[in-house]
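One structure below.
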Amino acid sequence: SNGEVLAILSGLRGENLVSTDLDRWRRRLMTSPWVSDAALRRSLPSTIDVAIRERQPIGVGRIAGETYLVDERGVIIDQYGPQYADLDLPIIDGLGSAPHDTPTLTDEARADLAARVIAAVKSNPKLASRLSQLDVSDLHNASVILTGDPTIIQLGEDQFAQRLQGYLDVAPVLHQRVADIDYVDLRFGDRIYVRPTKPQKKGR
């Protein structure tokens, strides 16, 4: 918000317009996780124009047992909480980097895969409205879960929207033939591989 920006720049008002170090104030703005880029420009006689490019959250990343708003590069914007409940964003699993790294560090390649899936699905509003969960643990096989359907849908690493739409086209028939589906694999052209949920053994 404007108030948050002004709070970060508190102290700038009243400084000499010509001599104040705008790079220092820009660095202050860049400490905000919501700020992707910022520019400050002198506008004589007494104004400094501030332009900001905000990070846009694409999902709610589940990382090390916590949930965070993340952007298309996997940058953590903020911890997810009730204040963001009105955001309609999918949950993203598998973003975490190697276990020995910082617990909240994300893997850039996995974040890129998640961003490509979400961007592709957004081209179809009906698909986008049903995207509930996304898992990018496997860099070569993104998998999703749709609202109202517990089936894990494996999409591979391209043609995400087409494959997802293909699943929806045949889903009623698949669920008629297989009562409990664990996952479907859509990576093999026109072939759809279906794995039923294994029945639990008695006594367990």
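Here are the numbers:
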quantity: Tabulated pairs, the range 109-124, first under 14 Å from Asp158 (Cβ atoms), second modelled with pLDDT of 95 or more and loosely packed, with under 15 Cβ neighbours inside 10 Å, C-beta under 8 angstrom, 6+ apart or interchain; calculated: none
quantity: Qualifying position, being open to solvent by less than 20 Å² (accessible area, probe 1.4 Å) and not basic (Lys, Arg), among Ala119, Ala111, Ala128; calculated: Ala111
quantity: From Gly74, Gly65, Gly11, residue being free of Cβ contacts under 8 Å to residues at least 12 places away in the same chain and open to solvent by less than 60 Å² (accessible area, probe 1.4 Å); calculated: Gly11
quantity: Residues (without any contact (Cβ under 8 Å) to a residue 12 or more places away in the chain and either within 12 Å of the chain's Cα centre (by Cα) or open to solvent by 60 Å² or more (accessible area, probe 1.4 Å) (or both)) located in the range 77-87; calculated: Pro82, Gln83, Ala85, Asp86
quantity: Residues satisfying the stated conditions in the range 1-51, i.e. touching a helix residue (DSSP H, G or I) at 6+ places or on another chain (Cβ under 7 Å), at pLDDT 90 or above and assigned to a loop (DSSP other than H, G, I, E, B); calculated: Leu9, Ser32
quantity: Output for the range 14-40, where each listed residue is free of Cβ contacts under 8 Å to residues at least 24 places away in the same chain, open to solvent by 40 Å² or more (accessible area, probe 1.4 Å) and over 19 Å from Gln56 (Cβ atoms); calculated: Gly14, Glu15, Asn16, Ser19, Asp21, Asp23, Arg24, Arg26, Arg27, Arg28
quantity: Among residues of the range 47-56, those that are open to solvent by less than 90 Å² (accessible area, probe 1.4 Å) and within 18 Å of Met30 (Cβ to Cβ), counted; calculated: 6
quantity: Filter pass, Leu44 being open to solvent by less than 80 Å² (accessible area, probe 1.4 Å) and out of contact with any Cys (no Cβ under 6 Å at 6 or more places or on another chain); calculated: no
quantity: Pick from the range 137-192, criterion modelled with pLDDT of 90 or more and of a type in the set (Gly, Ala, Ser), ranking: most open to solvent (accessible area, probe 1.4 Å); calculated: Gly148
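The values are calculated or read from the model by the stated rules, or taken from the named source; none is laboratory data. These numbers come from a predicted model, not from an experiment. Note: ideal-geometry Cβ built from the backbone for every residue, glycine included; neighbour counts use all protein chains shown. Each accessible area value is taken on the protein alone, full model and side chains, heavy atoms only, with ligands, DNA and RNA left out. Shrake-Rupley method; radii C 1.70, N 1.55, O 1.52, S 1.80 Å.
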